[in-house]
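What follows is one structure encoded as C-alpha cells, with my remarks underneath.
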Amino acid sequence: MYDLHTHSICSDGILRPQAVVSRAKEKGVTTLALTDHDSIDGLGEAALAADELGVNLVTGVEVSCLWSGVGVHVVGLNFDADNSVLTAGLERQQSARARRSEIISERLEKLGISGALEGARRFAGEGSIGRPHFAKYLVEQGEVASVSAAFKRYLGAGKPGDVKQMWPAVAEAVHWIRSAGGTAVLAHPDKYKMTRTKLRCLLRDFCDAGGQAMEVISGCQEPSITRELAQLSEKYQLYASCGSDFHSPEQAWQDLGCMAPLPDDCVPVWESW
Ligand code: AMP
Ligand code: MN
Ligand code: MN
Ligand code: MN
C-alpha cells in the first residue's frame, strides 16, 4: 500500500520521522513519502528507519504556494534531495515562514492576544513553524476551545492569521521539484473549496507549469469526491497520487494508510518512476 503524503515534527505533525515510518509499517504501508511543509529535514531520519523496517521510502515535501489569491499546496515526490535549486527554494520557504510567523503574531496582538510568536515557536520546536502551532497556543491560552475553532476564528482562509502573500507561484514550486528530477503533485484539490470552474483553471495552469500528477485520494474522503477527482486526473492527463495527509494518530480520518485505493481507471503516479 502506498501513502505518499505524511507529516512529522519537522513541520506540523506530532511524531518524529522514525515514528511515522514505524507506524506506517504497522498500518500496512509498504511505500511511504514523508512530505513535511516546506522542509526535507526529516528525510534522513526517516530513511534510516525505513531501511531498518523494510519500508520503501520515497523523498517528499509539501510546498506552500499562492495561486490566484488562494493558498495551494504542491507535493514533490521522488526527487534528489541534494539538488541545489530545490534546497535553495526550500531555504527561502523557511525564511518566509519565519517572517510570516512574525506577521501572524502582530495581527493576533492587535486582536488583544499577546505572546503568540513565542507560544507558537514553543509548539513548533525544531520544526518549521505554521498556523497549527499558533492554533495550539490559542487553545492553551483559552482563547478558543479547539484547534479547529482557532482556524475558524483566527487562522483559516480570510481570517487575520491567514497570511500567504510570501508564498511562491505554483509554477515556481513545480520548477524546484522538477529541477531535482522529482514529480510535482497538486495536493488535495478538494480542500481548496474552489468552484469547479476555478479548480479546472488551477489544473490547467498546473499542467502548463509542468505539473505531472494530482492527489485523487487524500485521507478518508467521500466516494463522490474520489470519482470527480479521478475524472479530472483523466481529463488533464495527470498521474494519480494517494496519501493520508497524516499529522497525528489522534486524527483517525487521516491516519497512515487509512485511505481507499486509487480507482482502477487512474494511472498511479508510481508508474512514472
Ligand atoms: P500553514 O502550513 O502554516 O499554512 O498551515 C496549514 C496547515 O494547517 C495544514 O497543513 C493543516 O495541517 C492545518 N489546517 C488547515 N486548516 C485547518 C483546520 N480548519 N483545522 C485544523 N487544522 C487545519
Ligand atoms: Mn499540515
Ligand atoms: Mn496541504
Ligand atoms: Mn499535508
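Rule-based calculations on the coordinates, nothing more; no lab input. Everything numeric here is computed off the predicted structure, so don't read it as measured data. With ideal geometry, Cβ positions are generated from the backbone for all residues, glycine too; neighbour counts draw on all protein chains shown.
For the range 141-180, the pair-distance distribution built from all alpha carbon pairs, in bins 10 Å wide starting at 0, is 27, 30, 23, 18, 3 percent. Relative to the globular-protein estimate of 2.2 N^0.38 Å, the Cα radius of gyration of the range 137-255 stands at 1.21. Ellipsoid semi-axes for the range 193-273, based on the Cα gyration tensor and the rule √(5λ), read 22, 15, 12 Å when sorted largest first.
Here the contact order of the chain, divided by its residue count and restricted to Cα pairs under 8 Å and six or more residues apart, works out to 21 percent. Taking every lysine pair in the range 74-231 that is 8 or more places apart or spans two chains, those with Cα atoms closer than 15 Å amount to 4. Beta bridges from DSSP with both residues in the chain: antiparallel share about 45 percent, rounded to the nearest 5.
Applying the criteria of a DSSP loop state and at most 13 other Cβ atoms within 10 Å to the GluC sites (Glu not before Pro) of the range 217-262 yields Glu250.
Of all the C-alpha pairs in the range 92-150, what % are more than 13 Å from each other?
Working: 952 of 1711 pairs.
Within the range 92-150, distances greater than 13 Å cover 56 percent of Cα pairs.
Scaling the Cα radius of gyration of the range 8-88 by the globular reference 2.2 N^0.38 Å produces a ratio of 1.13.
With Cα atoms defining each centre, the range 195-239 and the range 90-145 are spaced 31 Å apart in the structure. The gain in end-to-end length when the Lys110 to Met166 segment is fully stretched comes to 18.1 nm, 0.36 nm per residue minus the alpha carbon separation. Every helix of 4 or more DSSP H residues in the chain counts as -39500 (n - 2.57), and over all residues that averages to -12000 deg cm²/dmol at 222 nm.
Between Val85 and Arg153, the modelled label-to-label distance comes to 4.5 nm, taking each label 7 Å out from Cα in the direction of the beta carbon. Taking all C-alpha pairs of the range 37-178, those more than 20 Å from each other amount to 52 percent.
In terms of Cα atoms, the Rg and Dmax of the chain work out to 17.7, 52 Å. When you filter the trypsin sites (Lys or Arg not before Pro) in the range 170-273 for DSSP loop state and at most 16 other Cβ atoms inside 10 Å of their Cβ, you are left with Lys193.
Restricting the chymotrypsin sites (Phe, Trp or Tyr not before Pro) of the range 1-110 to loop positions (DSSP other than H, G, I, E, B) with no more than 15 neighbouring Cβ atoms within 10 Å leaves nothing.
Distance between the pseudo-spin-label points of Asp208 and Glu234 (7 Å out from Cα toward the beta carbon): 2.6 nm.
Counting only Cβ charges, +1 for Lys and Arg and -1 for Asp and Glu, the dipole size of the range 113-166 around its Cα centre is about 180 debye.
Here the ratio of the Cα radius of gyration of the range 1-52 to 2.2 N^0.38 Å is 0.98.
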